[in-house]
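Colleague: Before anything else, here's the structure in question.
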Amino acid sequence: MGRWGPDARGPLEQAAVDLCLEYGYAQVTVVAITQRAGFSERTFYRHFADKPEVLFVGFQYFHDNVVNLVASAATSAVPMERVAAAFGQAGAVFQENADRLRQRQKVIDSTPELRARELSKVATLTTAVTEALLQRGVANPVAMLSAEAGTLAFRIAFATWINATGQEDWPRLLWQTLDDIGVVITTSGRPQA
């Protein structure tokens, strides 16, 4: 068995995805994952708190990247532009990892426990983006609305991107989704005063 090292996360994640696609998430154990990847259980738990977390390897990096980009964006940009630009830029890594992300998403989509964890992580990201905007002087509810709309656009665009057969351009797809949200908002019936 391999010792703990920085290169263990990727092989453990790939082993987990492969096994879950072969046998189903519920049938896969941490022992099976570590045996497939060639690492010890101890190594697994040094990298991941539990079995579900192995399927969200890159999410914390993505979360931190989005929040840092929002926090460091020029204050001359309107809040929604800051959020959209952050999601667009942070999502650039999707193209590099398209096949792996599609496999991982198949496992998540087929497992209620993992879908719930994914929603929880997205909610945490929304809160962090809101806080980053508030710390930069954006007033509520604009900060909250910008974070919520940006996260919604991210979720819709990601679902479209992950299911696309071709190599969709991530930033273009995200901005198109934001435009679609704008159309929905402006065309919805508003009661006349």
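The values are calculated or read from the model by the stated rules, or taken from the named source; none is laboratory data. Fair warning: this is a prediction, and the values are worked out from it, not measured in the lab. Virtual Cβ from ideal backbone geometry, glycine too; neighbours counted across all protein chains shown.
Colleague: Are any of the residues in the stretch 28-35 surrounded by 15 or more Cβ atoms within 10 Å (Cβ to Cβ), within 20 Å of the chain's Cα centre (by Cα) and over 25 Å from Phe154 (Cβ atoms)?
Modeller: no
Colleague: Among the residues of the stretch 74-86, are any more than 20 Å from Leu152 (Cα to Cα) and in a helix (DSSP H, G or I)?
Modeller: no
Colleague: Take Val122 and decide whether it is in contact with a Lys or Arg (Cβ under 7 Å, 6 or more places away or on another chain), over 24 Å from Ala26 (Cβ atoms) and either part of a helix (DSSP H, G or I) or modelled with pLDDT of 95 or more (or both).
Modeller: no
Colleague: Pull up the stretch 82-101, narrow it to residues that are over 10 Å from Gly150 (Cα atoms) and over 14 Å from the mean Cα position of the chain (by Cα), then point me to the one that is modelled with the lowest pLDDT.
Modeller: Glu96
Colleague: Do you know which residues across the stretch 21-35 are in contact with a Ser or Thr (Cβ under 8 Å, 6 or more places away or on another chain) and either modelled with pLDDT under 95 or part of a helix (DSSP H, G or I) (or both)?
Modeller: Tyr25, Ala26, Thr34
Colleague: Then there's this: Return the residue satisfying two criteria in turn: it lies in the stretch 83-137 and is aliphatic (A, V, I, L, M) and free of Cβ contacts under 8 Å to residues at least 40 places away in the same chain, and of such residues it is surrounded by the most Cβ atoms within 10 Å (Cβ to Cβ).
Modeller: Ala90
Colleague: Going by what's in this entry, would Gly38 be described as at positive phi and modelled with pLDDT of 90 or more?
Modeller: The answer is yes for Gly38.
Colleague: Looking at the stretch 37-57, which of its residues are in a helix (DSSP H, G or I) and closer than 21 Å to Asn97 by Cα?
Modeller: Ala37, His47, Pro52, Glu53, Val54, Leu55, Phe56, listed by residue number.
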